[in-house]
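Every number in this text was worked out from the coordinates using simple rules, so none of it is lab data. Keep in mind that what you see is a predicted model, and the values were worked out from it rather than measured. When we count neighbours, we look across all protein chains shown, and the Cβ atoms used for this are built from the backbone with ideal geometry, even at glycine.
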Amino acid sequence: MTPTSLTINDRVFQWPKRTLVVICLDGSEPAYTDEARKRGLMPNLEKLIAKGGEYRADSVVPSFTNPNNLSIATGRPPEVHGICGNYLIDPDTGLETMMNDPKWLRAPTIFAEFQKAGARILMVTAKDKLRLLLSKGLVYDGTAIAFSSEKANLATLKDNGIDNPCAAWGMALPDVYSGDLSEFVFAAGVKLIPQMKPDLVYLSTTDFIQHKFGPTEKGALDFYAMFDRYVGELDALGVTLIITADHGMNDKHTADGKPDVLYLQDALDQRFGAGKSKVILPITDPYVVHHGALGSYAAIYLYGADRGAVETYIRSLDGIDVVLSKAEACARFGLPPDRTGDLVAISGGPNKSKVIGTSAAAHDLSGLDVPLRSHGGLTEQNVPFFINGPVHELPKGLRNFDAFFVGCNFAE
C-alpha cells in the first residue's frame, strides 16, 4: 500500500498528488529568464507564472553544482549529505581528491527513499559525474531510470534502467561542451514521462551556456527560448513543475576581458612561506575548459601558519568579501566540519568579479575563448524558483533545496 507520507532526512514529505518534476537549471542567474522574458522569448514560462508563481530562493554556499544538486536531492544542506564541493583534502588520508564518488554521500536521497516506498523515479542529468551521486541507492527493477545525456549511448537496463536512448530515439550523442547536452535532458523528460508515468522526476542541466554567454547575448537568449518550448511541453503533461537553479553566474573579468583573479596560494606563500598553507578550490572538476577552475570560494588549510594572521591578511586582499573560520563557515553555511578548511574565503568585490585561484602556474586558461564568467560566492547565491500551480504555503527563507518539499507538501 502506498504511504501517505515519508520522513526523509528529518523532513516529512507527503506523497505527491501528481507527477512532480523538478528542473535544476544549472547556472541560471535570475537575469537570464528576466532578459529572455523582456524580449518575449519565454511565453510558456509567463503562462506558468500566471497560474503558479515566481519566487526567489537562496542556494547552498559554496554556490557550486554538486553541493546544490545534492542538497536538492536530499532536501538538506551539506552538513547533512556531506557533499560540499567537487574537490577537497580527504580528512582520512590528508590527500587532495575529487568528491565525485557516491561513497562521499552521507544521507539518502529523496529518490531512493521514495522508490523504496513504491514510487517510480525518473532522473536525467547532463553530466555523468552528477548522475553517479544522485542515483545512489536506486534499484533498476523497472521502477527507476537514471542516466546522463553525456553518456546516454552507454546506458543499459542493468545500470540505468534504460538501454541506449540515443539509438532508441535516433538522437545523436551531444557534445559535453554544448547547450545540446542540456536540451537532451529536456527532450528525454518530455519523451519518458508519458511512457513511464513516474512519481518523481529530476532533470538537471549543465551551465556551459551560462559560463559562455551573459544574459543579453544571443547564445543565452537562444538557449532560454529553446528551454521555453520544453517548459510548455512539460506543463502540458499535467505535472507539478518546479524550476530552480543550483547557483547564479556573473562576469568574472576586468574591463579588458582578462580574468579578475586573486592567486591566493601565491599570495600566502609569499607572505607566510611555502608549505605553511594549502588553498583548495572546490570548483575543480574534470570539466574546467569554460571556467579554468576559477570560482569565488576557497578553503584554506593551515600547516604551521598562524590562523589569526592568515585570516587578517586574506581579509585585507582586494576583492575578498568574507573570511571565516571553520566553525563560523560551518555554522553560517551548513557545511560538514571534517570536510571544510581551517579558513574559508569568499570573493566578489564591488563588481562581483573577483575569483580565487591557487597559483598562476597551476591554472590552464587556454580554453577560455570568451571573458570569464563563473560562480561560487555569495553573489551567486540568489536563484529563481518557479512553480506551475498555486501553493498554499512556502517555507520561510525559501531555499532551492526546498523544491521537492514544496512540490510534495504545498502544491495544490
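Details
- Among the chymotrypsin sites (Phe, Trp or Tyr not before Pro) found in the stretch 287-355, those both in a DSSP coil and sparsely packed, with 13 or fewer other Cβ atoms within 10 Å of their Cβ, are Tyr303.
- 14 Å beta-carbon shell around Gly275, net charge (K/R +1, D/E -1): +1
- With a simple spin-label model that places each label point 7 Å from the Cα along the Cα-to-Cβ direction, the separation between Tyr140 and Glu393 comes to 4.0 nm.
- Between Asp10 and Ala172, the contour length at 0.36 nm per residue exceeds the Cα-Cα span by 54.1 nm.
- Ordering Pro174, Pro102, Thr156 by the projection of their Cα atoms onto the charge dipole of the stretch 77-215, which places +1 on the Cβ of Lys and Arg and -1 on the Cβ of Asp and Glu, puts Thr156 at the extreme positive end.
- Of Leu324, Leu105, Leu95, the residue with the greatest mean-square motion in the GNM of the chain, using alpha carbon springs below 10 Å, is Leu95.
- Restriction of the trypsin sites (Lys or Arg not before Pro) in the stretch 369-412 to DSSP coil positions whose beta-carbon has at most 13 other beta-carbons within 10 angstrom yields Lys396.
- Under the combined filter of DSSP loop state and at most 15 neighbouring Cβ atoms within 10 Å, the stretch 162-232 retains these chymotrypsin sites (Phe, Trp or Tyr not before Pro): Tyr177.
- Cβ-based exposure ranking for Val323, Val344, in which fewest neighbours within 10 Å come first: Val323, Val344
- Scattering from the stretch 307-364 was approximated by placing one identical point on each alpha carbon and applying the Debye formula without solvent; log10 I(q)/I(0) at 0.23, 0.26 1/Å stands at -1.01, -1.10.
- Ranked packing of 27-38, 148-159, most packed first, by mean Cβ within 10 Å: 27-38, 148-159
- Backbone N within the stretch 370-389 under 16 Å of label point (7 Å from Ser325 Cα along the Cβ vector): none
- Residues whose placed amide H lies under 5 Å from that of Tyr297, excluding near-sequence neighbours: Ser347, Ile356
- Net charge of the neighbourhood of Leu154, taken over other residues with C-beta under 12 Å away and scored Lys/Arg +1, Asp/Glu -1, is -1.
- Ranking of Cys408, Cys166 by count of other Cβ atoms within 10 Å, fewest first: Cys166, Cys408
- Most to least packed among 63-73, 127-137 [average Cβ atoms within 10 Å]: 63-73, 127-137
- What you get for the chain, charging only the Cβ of Lys and Arg (+1) and of Asp and Glu (-1), is a dipole of about 740 debye around the Cα centre.
- Too-long pairs where the Cα-Cα distance tops 30 Å, listed order kept, from Lys158/Lys278; Lys127/Lys197; Lys127/Lys258; Lys17/Lys47; Lys129/Lys278: Lys158/Lys278
- In the chain, helical runs assigned H by DSSP with n ≥ 4 each contribute -39500 (n - 2.57); averaged across all residues and rounded to the nearest 500, the mean residue ellipticity at 222 nm is -8500 deg cm²/dmol.
- Relative exposure of Met196, Met98, judged by other C-beta atoms within 10 Å (fewest first): Met98, Met196
- For the stretch 125-199, the convex hull spanned by the alpha carbon atoms encloses 84 Å³ per residue.
- Label reach from Lys276 (point 7 Å along Cα→C-beta): in the stretch 292-307, amide nitrogens under 18 Å belong to 300-307.
- Calculated over the chain: convex hull of Cα atoms, volume per residue (Å³): 136 Å³
- Surrounding net charge for Asn388, when Lys and Arg each add one and Asp and Glu each subtract one, Cβ distance under 14 Å: -2
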